[in-house]
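Working notes, beginning with the structure itself.
The values are calculated or read from the model by the stated rules, or taken from the named source; none is laboratory data. On a predicted model such as this, the values are computed, not experimentally measured, just so you know. Please note: Cβ atoms are built from the backbone with ideal geometry, for glycine as well, and neighbour counts cover all protein chains shown.
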Amino acid sequence: MGRTSDAKERLLTAISDLIWLGSYGRTSVDQICERAEVKKGSFYHFFASKTDLAIAAIDQASQGIFAEFDHIYAPTVDPLERLRNEAKWGYEHQKNVAKQYGRVLGCPLFALGAEVGTSEEALTNKVKEILNRHLQYYESALRDAQRLHLIDDRPVEPMARRLMAYAEGMLTQARIYNDLSYIAEIEDGFMDMLRPIQPIHTNQNADLLTK
């Protein structure tokens, strides 16, 4: 089986890399095993199919991202600053990824969801589950911003969807053009879309939320 103790972890890393760098459809079990340096029998010891491995890889990656989001979107942080901070974190994350892989890769979930949305129901449902959870962070920040009268009282859910659509669109363009400047624009773009009513006073607004 070859380095059995970490074979499962290496399979998870391998499929994440191959999908992000290429595509789900063009990635075969043989390619995954070769990149992970794991024999095919070991693959099927851990996973029934490529789809099962992909779902497990998404779950694992999302745990780390949402741990970051729990910190970024802490209720003690000004609501609009939370959105700014996510944009800054996203830029730094993509910059580090570009250094590691040699090019800008954008959002793996949107790339994967667009590819398999009409053919792989289980995988598509997992992508939607993660994206919907991401939307909840936006919605929470927007509701708190409305409570503090930082933005107008437009319905929160469609506003959150527009923020995500804008951010993911910029991430996709960054991948196509191999250009981080698209991602650098997201922070200001969020504020342009939300049209804050008053300037951000981080400490003052955070204090109001905790009362």
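Assorted remarks:
- Applying the condition of being of a type outside the set (V, I, T), part of a loop (DSSP other than H, G, I, E, B) and surrounded by fewer than 17 Cβ atoms within 10 Å (Cβ to Cβ) to segment 117-131 and asking which residue is nearest to the chain's Cα centre (by Cα) yields G117.
- Only one of A98, A141, A114 that is of a type in the set (A, V, I, L, M, F, W, C), more than 13 Å from the chain's Cα centre (by Cα) and surrounded by fewer than 16 Cβ atoms within 10 Å (Cβ to Cβ): A114
- So L109, is it in a helix (DSSP H, G or I) and in the same structural domain as E187 (by TED's automatic domain parsing): yes
- Filtering L142, L171 for residues that are touching a Cys at 6+ places or on another chain (Cβ under 9 Å), modelled with pLDDT of 95 or more and in a helix (DSSP H, G or I) leaves a single hit, L171.
- Of the helices (runs of 4 or more DSSP H) lying entirely inside segment 1-72, those carrying at least 2 residues that are touching a Ser or Thr at 6+ places or on another chain (Cβ under 7 Å) and crowded, with 19+ Cβ neighbours inside 10 Å are 7-21.
- L163 vs. criteria in a helix (DSSP H, G or I), in contact with a Cys (Cβ under 8 Å, 6 or more places away or on another chain) and touching a residue at least 60 places away in the same chain (Cβ under 8 Å): no
- Selection within segment 147-188 - surrounded by 14 or more Cβ atoms within 10 Å (Cβ to Cβ) and among the β-branched types (V, I, T): I151, V156, T172, I183, I186
The rows are residues; the columns are (1) charged (D, E, K, R); (2) within 18 Å of D188 (Cα to Cα).
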site	(1), (2)
R82	yes, yes
N96	no, no
Q100	no, no
L105	no, no
G117	no, no
T124	no, no
K128	yes, no
R133	yes, no
Y137	no, no
